[in-house]
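Participant: Sharing a structure, written as structure tokens. Questions coming.
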Amino acid sequence: MWDWTYAFEIIPALARAAVITIEATLLGFVLAAILGLAIALVRIAVPWTAMPVSIVVELIRSTPLLIQIFFLYFVLPSFGIVLDAFAAGVLALGIHYAAYCSEVYRAGFENIHRGQWEASTALNLSAWTTFRDIIIPQAIPPIVPALGNYLVALFKETPLLSAIAVLELMQTAKIMGTETFRYTEPITLVGVFFLIMSLGSAWLIRMTEHLLNRRIVR
């Protein structure tokens with residue numbers, strides 16, 4: 001039976017846990033977006049790296065995120081690299097989704113007409129100036145929806161951090177259930193929290209896409 005009194009009692013604790021979830025998501029996505037962009041730029045600017053970088057990207061994409069989380073948290077200390085649970089979780093999220101984001105960036109760059117690259121070379125523009133002022137401003141707007149999808153997906157992956165005892169939403173709900181033997185309310189509320197956050201993220205992505213498209217039109 002659903003107990004409204006207990007549900008309202010645990011909402012503040014779940015809200016505090018939601019802050020941890022949001023922090024992990026945003027930090028992980030920022031890392032994924034920046035690292036993914038760097039990977040894509042390296043593959044284009046340094047052609048001989050295309051094969052080894054592609055192998056690494058496929059390796060990351062083809063292995064479960066949970067295994068990568070365990071590797072960073074439990075295996076790296078054997079090599080003298082010790083990370084706390086939150087840092088290991090964010091790093092794993094960032095690296096995992098950077099592999100996906102790099103493919104999105106690469107597709108965006110390859111969609112730019114070859115003539116623009118040749119025109120930049122004819123004008124004697126440096127590679128950095130070409131990417132910064134010509135290629136990236138044109139490549140980013142069309143790929144915003146795809147990057148936004150990965151942001152929402154990353155939100156829904158954060159419960160995996162409970163496997164290394166990060167006190168995000170899912171872990172907090174499981175602790176509440178263990179202490180009270182009531183799982184219906186906390187687990188249901190976790191689903192509601194994730195629904196609200198995912199819908200909010202989707203709305204922000206659409207607004208960003210709309211603003212970028214208006215800027216292009218102008």
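The values are calculated or read from the model by the stated rules, or taken from the named source; none is laboratory data. None of these values were measured; they are calculated from a predicted model. Neighbour counts run over all protein chains shown; Cβ positions are idealised from the backbone, glycine included.
Participant: Specify the residue that is farthest from Thr172 (Cα to Cα); the eligible residues are those in segment 19-62 that are in contact with a Ser or Thr (Cβ under 7 Å, 6 or more places away or on another chain) and surrounded by 17 or more Cβ atoms within 10 Å (Cβ to Cβ).
Facilitator: If we take residues in segment 19-62 being in contact with a Ser or Thr (Cβ under 7 Å, 6 or more places away or on another chain) and surrounded by 17 or more Cβ atoms within 10 Å (Cβ to Cβ), then Arg43 is farthest from Thr172 (Cα to Cα).
Participant: Taking segment 162-177 on its own, how many of its residues are among the aliphatic types (A, V, I, L, M), farther than 26 Å from Thr208 by Cβ, in contact (Cβ under 8 Å) with a residue 24 or more places away in the chain and part of a helix (DSSP H, G or I)?
Facilitator: 4
Participant: Restricting to segment 64-94, name every residue that is among the small types (Gly, Ala, Ser) and either part of a helix (DSSP H, G or I) or touching a residue at least 40 places away in the same chain (Cβ under 8 Å) (or both).
Facilitator: Answer for segment 64-94, where residues must be among the small types (Gly, Ala, Ser) and either part of a helix (DSSP H, G or I) or touching a residue at least 40 places away in the same chain (Cβ under 8 Å) (or both): Ser78, Ala85, Ala87, Ala88, Gly89, Ala92, Gly94.
Participant: Select, from Glu103, Glu118, the only residue that is surrounded by fewer than 13 Cβ atoms within 10 Å (Cβ to Cβ) and either charged (D, E, K, R) or touching a residue at least 24 places away in the same chain (Cβ under 8 Å) (or both).
Facilitator: Going through Glu103, Glu118 in turn, just one is surrounded by fewer than 13 Cβ atoms within 10 Å (Cβ to Cβ) and either charged (D, E, K, R) or touching a residue at least 24 places away in the same chain (Cβ under 8 Å) (or both): Glu118.
Participant: Only one residue in Glu157, Glu179 is surrounded by 19 or more Cβ atoms within 10 Å (Cβ to Cβ) and either within 20 Å of Ala24 (Cα to Cα) or charged (D, E, K, R) (or both), so which one is that?
Facilitator: After ruling out the rest, the residue left standing is Glu157.
Participant: Still on this structure, please answer the following. Can you find a residue that is under 19 Å from the mean Cα position of the chain (by Cα) and crowded, with 18+ Cβ neighbours inside 10 Å anywhere in segment 7-17?
Facilitator: So far as segment 7-17 goes, yes, one or more of its residues are under 19 Å from the mean Cα position of the chain (by Cα) and crowded, with 18+ Cβ neighbours inside 10 Å.
Participant: Could you run through segment 179-209 and say how many residues are of a type in the set (Val, Ile, Thr), under 22 Å from Ala7 (Cα atoms) and modelled with pLDDT under 90?
Facilitator: Total meeting the criteria: 1.
Participant: Please verify whether segment 180-192 includes one or more residues that are among the basic types (Lys, Arg) and under 25 Å from the mean Cα position of the chain (by Cα).
Facilitator: Within segment 180-192 (the criterion being among the basic types (Lys, Arg) and under 25 Å from the mean Cα position of the chain (by Cα)), the answer is no, since none of the residues qualifies.
Participant: Based on this model, can you work out whether Ala127 counts as touching a residue at least 24 places away in the same chain (Cβ under 8 Å), hydrophobic (A, V, I, L, M, F, W, C), loosely packed, with under 15 Cβ neighbours inside 10 Å and over 20 Å from Leu160 (Cβ atoms)?
Facilitator: Taking the combined requirement at face value, the residue satisfies it.
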